[in-house]
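Working notes, structure below.
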């Protein structure tokens, strides 16, 4: 196993330890807001980009060079492991993941097989390259949570209503649990591959869990996410758990086994600490739309997030969701510098 970064401000904040300044990184920091990203990705499909270690390495490094963030996050996509598991899918520009033949019956499950290191060796190679390039800057690995992956597989693509997903969850619980169990195994294997290659933390994205009530989340989703997060308890790296629109789920998401709970912009961090409890750090939670309101507004709202984040045992500054493609990169660079300065020790 490659040596991981254990004493950076980011890792220390995840552990609830003292930090010289509040660490900051941004979800989707490597992406369409950067002209250098658009240039290097020109003419290359998303899945193909994710499978080319040299390209993954360069794209992952771009925001670290430009913004001076405290952590890099592996350039990939949550559907990479399910494509590696045998599912015929594509990431369509402007739409997102599209599955050729959705999983709707027990017979369909045979198309979703376990993954091995050989299936995702390109990810391990990219992580090893990045660890060598990043030096003391930690690298975050990630994966999609079983529920969010299941929603793509069942719906056949992105959905606003999750009608087919919920129909299976309510109406065919045995099939539902069999599907999510397979996805938990795939996700766990995918994250272990990244950890063994050298990432210093992992984030589990349950992007669409906010579509559920707390009762439904606890019954139908929590056990499978917990299998992933608790399955990494011996891995020695911080585990972050994040979803969007999850205010009513924060307590349950914390119980799944994460060291850090990501909070979107809807819930103030001091309130989130009361919900999640004092034993877990928080990540978040500036509204990505604030970045379009002018620097004085950005500075004021960043200071508010920093102040509210002091209630948590550890705070990793981030947005409440991903960087929007239209975001001015210079605002992100300036925001990183401000967070470092405003939160630094006198």
Find all pairs meeting these conditions: Cβ atoms under 8 angstrom apart; at least six residues apart or on different chains; first residue within segment 198-218 and at positive phi; second residue surrounded by fewer than 24 Cβ atoms within 10 Å (Cβ to Cβ).
-> 198/1; 198/2; 198/3; 198/4; 198/128; 198/131
Working only within segment 33-62, note down all residues that are assigned to a loop (DSSP other than H, G, I, E, B) and surrounded by 15 or more Cβ atoms within 10 Å (Cβ to Cβ).
-> 33, 34, 51, 52
Taking segment 204-234 and keeping only residues that are crowded, with 24+ Cβ neighbours inside 10 Å and not in a helix (DSSP H, G or I), one is left with 204, 206, 208, 212, 221
Residue ID - surrounded by the most Cβ atoms within 10 Å (Cβ to Cβ), chosen from residues in segment 1-29 that are assigned to a loop (DSSP other than H, G, I, E, B) and in contact with a strand residue (DSSP E or B) (Cβ under 7 Å, 6 or more places away or on another chain) | 29
Of everything in segment 143-188 that's over 21 Å from residue 101 (Cα atoms) and either crowded, with 22+ Cβ neighbours inside 10 Å or without any contact (Cβ under 8 Å) to a residue 40 or more places away in the chain (or both), which residue is nearest to the chain's Cα centre (by Cα)?
-> 143
Does segment 21-30 contain any residue that is touching a residue at least 24 places away in the same chain (Cβ under 8 Å) and farther than 30 Å from residue 279 by Cβ?
-> yes
Among the helices (runs of 4 or more DSSP H) contained in segment 249-346, which hold 2 or more residues that are closer than 24 Å to residue 31 by Cα and touching a helix residue (DSSP H, G or I) at 6+ places or on another chain (Cβ under 7 Å)?
-> 295-309, 329-343
Looking at segment 257-274, is at least one residue surrounded by 14 or more Cβ atoms within 10 Å (Cβ to Cβ), within 22 Å of residue 14 (Cα to Cα), without any contact (Cβ under 8 Å) to a residue 24 or more places away in the chain and within 21 Å of the chain's Cα centre (by Cα)?
-> yes
Can you spot a residue in segment 160-177 that is over 23 Å from residue 281 (Cα atoms) and at pLDDT below 95?
-> yes
Identify all residues within segment 74-110 that are surrounded by 12 or more Cβ atoms within 10 Å (Cβ to Cβ) and out of contact with any helix residue (DSSP H, G or I) (no Cβ under 7 Å at 6 or more places or on another chain); write none if there are none.
-> 92, 96, 98, 101, 108
Any idea how many residues of segment 233-244 are touching a residue at least 12 places away in the same chain (Cβ under 8 Å) and farther than 15 Å from residue 198 by Cβ?
-> 7
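The values are calculated or read from the model by the stated rules, or taken from the named source; none is laboratory data. The structure presented is a predicted model; accordingly, all values stated were derived computationally and were not measured. Note: ideal-geometry Cβ built from the backbone for every residue, glycine included; neighbour counts use all protein chains shown.
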